[in-house]
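Here is the structure we will look at, set down as structure tokens.
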Amino acid sequence: MTNTLVTKDGAPRQTSQEVERLRRRYAIRHVLARCGVYGAAVLASLVCALPFLWSAVSAFKQNRDLYNPESSPFLFNEPATPDHVRFLFSDTPFLTFVVNTLLVGALVVVLTLALALPAAYSLARLNRPWGTPMGIAIFLVYLVPPSLLFLSLTRVVVALGLEDTIWSMVVVYPTITVPVSVWLLIGFLKAVPKDVEEQAMVDGYSRLGAFGRAVLPLVFPGIVAVVVFSFTLTASEFVYALAFVSASPEMVVSTGVPTQLIRGDVFFWQSLQAATVTMAVPIAFLFNLFLDRFVTGFTMGAVKT
């Protein structure tokens with residue numbers, strides 16, 4: 001008959017061997033759980049990366065390799081060729097489209113911040129009964145489909161004499177970036193205590209100075225979210241860019257690439273894929289560079305609004 005160790009209240013006490021065995025069991029379970037999480041993350045990353053891998057491989061494929069149904073889409077069954085990438089950069093105004101896209105995106109971001117920051121600050125700080133309904137109304141403007149607005153906005157563009165120029169897009173795009181940016185920044189500004197700017201004004205700053213010196217550094221993640229959102233929305237927008245600009249030297253990537261590389265029923269498929277990778281990879285890199293601040297900006301705006 002074996003002796004069982006008990007505690008003062010009569011419960012059985014675990015021996016050192018049992019404790020060690022439980023520790024090993026929990027350690028194994030912890031390692032398996034971590035492996036499962038990392039395995040799922042790697043699998044999800046591969047699934048997300050497959051379209052980019054397919055585009056990158058297709059950009060360097062020969063025609064007979066691309067159109068052979070027995071060839072693997074992720075492998076070079078024939079020797080790779082840079083001819084289609086060279087065609088994109090040398091025989092089409094692709095670089096002009098890229099420059100136009102960057103210029104329009106930068107100007108729209110500046111206009112969006114110049115309009116959205118004061119509007120969001122006013123709605124978040126000024127205690128007025130119409131503040132919340134006004135914020136909701138501004139956000140609802142973003143939900144209006146562009147197909148319902150481009151006819152009336154065309155009249156505005158023509159009245160300003162901006163048809164067939166990139167300035168037409170600079171004027172029109174803030175109508176879709178400012179509303180959601182204001183809504184996002186309202187939630188983020190509400191997360192900043194009013195004591196911060198009140199203390200700054202006690203120290204001698206005006207309200208504008210307190211906003212610039214004390215509040216803006218604290219809402220920097222929200223500003224990054226607005227910059228990323230506005231630029232990506234501008235770079236991918238198609239309806240307004242197609243409606244307002246028909247001159248090739250003034251086109252952006254979203255309309256210029258299809259115009260130059262889709263001619264009737266002829267698709268320059270490898271060059272299209274090369275253009276996709278060329279534009280997507282830098283944007284994805286910058287997005288990941290500021291991912292933490294971007295996520296912080298959106299989540300703070302979501303829970304505080």
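Centre-to-centre, using Cα atoms only, the stretch 142-201 and the stretch 26-46 are separated by 43 Å. Taking L153, L102, L286 as the candidate residues, the one with maximal mean-square fluctuation in a Gaussian network model of the chain, Cα springs under 10 Å, is L286. Under a GNM of the chain (C-alpha, springs under 10 Å), which listed residue has the highest mean-square fluctuation: P51, P282, P129? Of the options given, P129 has the highest mean-square fluctuation.
Per the 1.4 Å probe, what fraction of the accessible area of the chain, in percent, lies on carbon and sulfur atoms?
On the way: 12430 of 18250 Å².
Ligands and nucleic acids excluded, carbon and sulfur give 68 percent.
Histogrammed with a bin width of 5 Å, the alpha carbon distances of the stretch 130-188 distribute as 4, 18, 23, 20, 14, 12, 7, 2 percent, first bin at zero. Shape call for the chain from the C-alpha gyration tensor, a ≥ b ≥ c root eigenvalues: rounded (a/c under 1.5), prolate (a/b greater than b/c) or oblate? Taking the square roots of the gyration eigenvalues as a ≥ b ≥ c, the chain is oblate.
A quarter of the convex hull surface defined by the alpha-carbon atoms of the stretch 79-148 gives 8.4 nm² as the mean projection.
The string of couplings for the stretch 187-200 from the Karplus curve (6.51, -1.76, 1.60, θ = phi - 60°) is x, 6, 5, 5, 7, 8, x, 5, 4, 4, 6, 4, 5, 5 Hz, one whole number per residue in order, with x for Gly and Pro. Considering only L95, L184, A235, and ranking their Cα positions along the charge dipole of the chain that arises from unit charges at the beta-carbon of Lys, Arg, Asp and Glu, the one farthest toward the positive end is L184.
For the stretch 108-260, the spread of Cα positions along the three principal axes, ordered from largest to smallest, is 58, 29, 24 Å.
The values are calculated or read from the model by the stated rules, or taken from the named source; none is laboratory data. Values in this document were obtained by computation on a predicted structure and should not be read as measured data. For neighbour counting, all protein chains shown are included, and Cβ atoms are generated from backbone atoms with ideal geometry for every residue, glycine included. Please note that ligands, DNA and RNA were not included when accessible areas were found on the heavy atoms of the full protein model with its side chains. Shrake-Rupley method; radii C 1.70, N 1.55, O 1.52, S 1.80 Å.
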